[in-house]
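Quick notes on the structure that follows.
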Amino acid sequence: MLNIDTNNLQSKKNLLAFSAGVDSSALFFLFIENNIKFDIAIVDYGERKESKKEVAHAKALAEKYNLTCHSIKAPKFSSHFEKNAREFRYEFFETLIKEQDYDTLITAHQLNDQLEWFLMRLTKGAGVSELIGLEPVTHRENYTLLRPLLEYSKDELLAYLEENNHPYFVDKSNSDEKYERNLFRKQFSDPLIAKYKGGIKRSFDYLRKDKKSLEKDFKMIYSQKKLKIIKLHTFSTKAKAADLALKQLGYLLSASQRQEIEKEQSLVIGGEWAVEIQDDLLYIAPYVTVDMPKKFKEECRIAKIPSKTRPYLFKENIDFSLLTAR
C-alpha cells in the first residue's frame, strides 16, 4: 500500500508532469484514488516510435477521468539532448502554470532518482545541500514544485501498478547508457536500492535534517521576479546559498562554478546570472546589459546595489523602496 502526502494538494490547482511511464502512471492513479484534482502535461520528443502512442494514451486517460491533458511536440535537439529536453520541458510546464494559474507542479521523482542525483553530484564534488537536490517541497517564484514519491523505489511503484492492473509504458531509451543518468542508474543506483533500500531511505531522511541545520546560516530576505537577495550569517555559506537560490531559478551550478563564487565578490555565472556580495547580502539576478540613466545608477549606488545587478532592476522596473526596506 502506497501512501502519499496530500496536504499540499488539497484545494489547489495541480499540474502533473506526465510521461505514461511507471513513475508518473503510479502517481496518476494514486491521485485518482485519493480524489486529488489535477491536470496532466506531456511532451512528445519524437525520439521513439512509441511516443505518439504515449501521448494518445495520456489524452485518453484525461478524457476518461475528466481531466485536461496539455501536450506539446518538442523540436529536434542536435546535441546535449538531456539538458535541452529538460529546459524545453520545464519551459512548457512554467508557461502552462502562468497561463492557466496552476498552484503546483508535481513530478514523479522517486527513490532511485534521488540516489542517481546523489551519486552523480558526489562524483563531481558537492556538499550536503547540493547532494540532496530533490526535495519533497520546493517553493518557486510562481508555484510550488512537489515530489510526493521520493520515499518509494521504482520496484514499489511497479508492483503497485501490476497489483492494480493499471496501464503504463516502458521507455526503452532509459536503458541507453550513452546518457550519464542511465549509466548511473543501471550500474549503481538500481543495484544499491535493490540491496540496501531501507538504509538508503533512512540516510536521506537524516541528510535532509542535516541540510536544514546547515541552511540556518543564511536566509532569503527578498525575492521579486528573478531577483534573489539572501542575508548571510556566515560568509562561508555564500556558495551554498547561491547554489540553492539558482536551483530554484532552474540553474544547476558545477563544482568549478561553486569554487568561483567562494573566491569572488562579483561575477557572472554561465553568461546568465550575476552573483554579487554587498556587505552581508548576496544578490542573484539574470545578467543583462542595458543602458541606464545616470540618475538611476546614482540611486543604485546610494542604495548599495551591486553593479551587475542594476541592469536587471532597471529592465524589470523593480521598486527601490522595497529593496531598501529590507
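Here are a few things to note about the model shown:
- Evaluating Y251 against the criteria (1) within 26 Å of the chain's Cα centre (by Cα); (2) farther than 24 Å from K124 by Cβ; (3) not charged (D, E, K, R) leaves one unmet condition, (2).
- Any hit, region 88-111, residues being over 27 Å from K226 (Cα atoms) and part of a helix (DSSP H, G or I): yes
- Per-region count, region 259-295, residues among the basic types (K, R) and either over 21 Å from E130 (Cβ atoms) or not assigned by TED's automatic domain parsing to the domain that holds L249 (or both): 2
- Hits in region 118-145 - residues which are modelled with pLDDT of 90 or more, over 15 Å from L249 (Cα atoms) and not aliphatic (A, V, I, L, M): F118, P136
- Counting residues in region 141-162 that are β-branched (V, I, T), in the same structural domain as L115 (by TED's automatic domain parsing), in contact (Cβ under 8 Å) with a residue 24 or more places away in the chain and not in a loop (DSSP other than H, G, I, E, B) gives one or more.
- If you check L246, L252 for being in a loop (DSSP other than H, G, I, E, B), closer than 30 Å to W117 by Cβ and among the aliphatic types (A, V, I, L, M), only one passes: L252.
- Total residues in region 178-202, condition more than 21 Å from the chain's Cα centre (by Cα) and polar (S, T, N, Q): 1
- Every listed requirement among (1) assigned to a strand (DSSP E or B); (2) at pLDDT below 95; (3) of a type outside the set (A, V, I, L, M) is met by E262 save one, (1).
- Residue that is surrounded by the most Cβ atoms within 10 Å (Cβ to Cβ) [pool: residues in region 8-48 that are over 30 Å from F81 (Cβ atoms) and more than 20 Å from the chain's Cα centre (by Cα)]: I36
The values are calculated or read from the model by the stated rules, or taken from the named source; none is laboratory data. Model, not experiment: these values are computed from the prediction. Don't worry about glycine lacking a Cβ; one is built from the backbone with ideal geometry, like all the others, and counts go over all protein chains shown.
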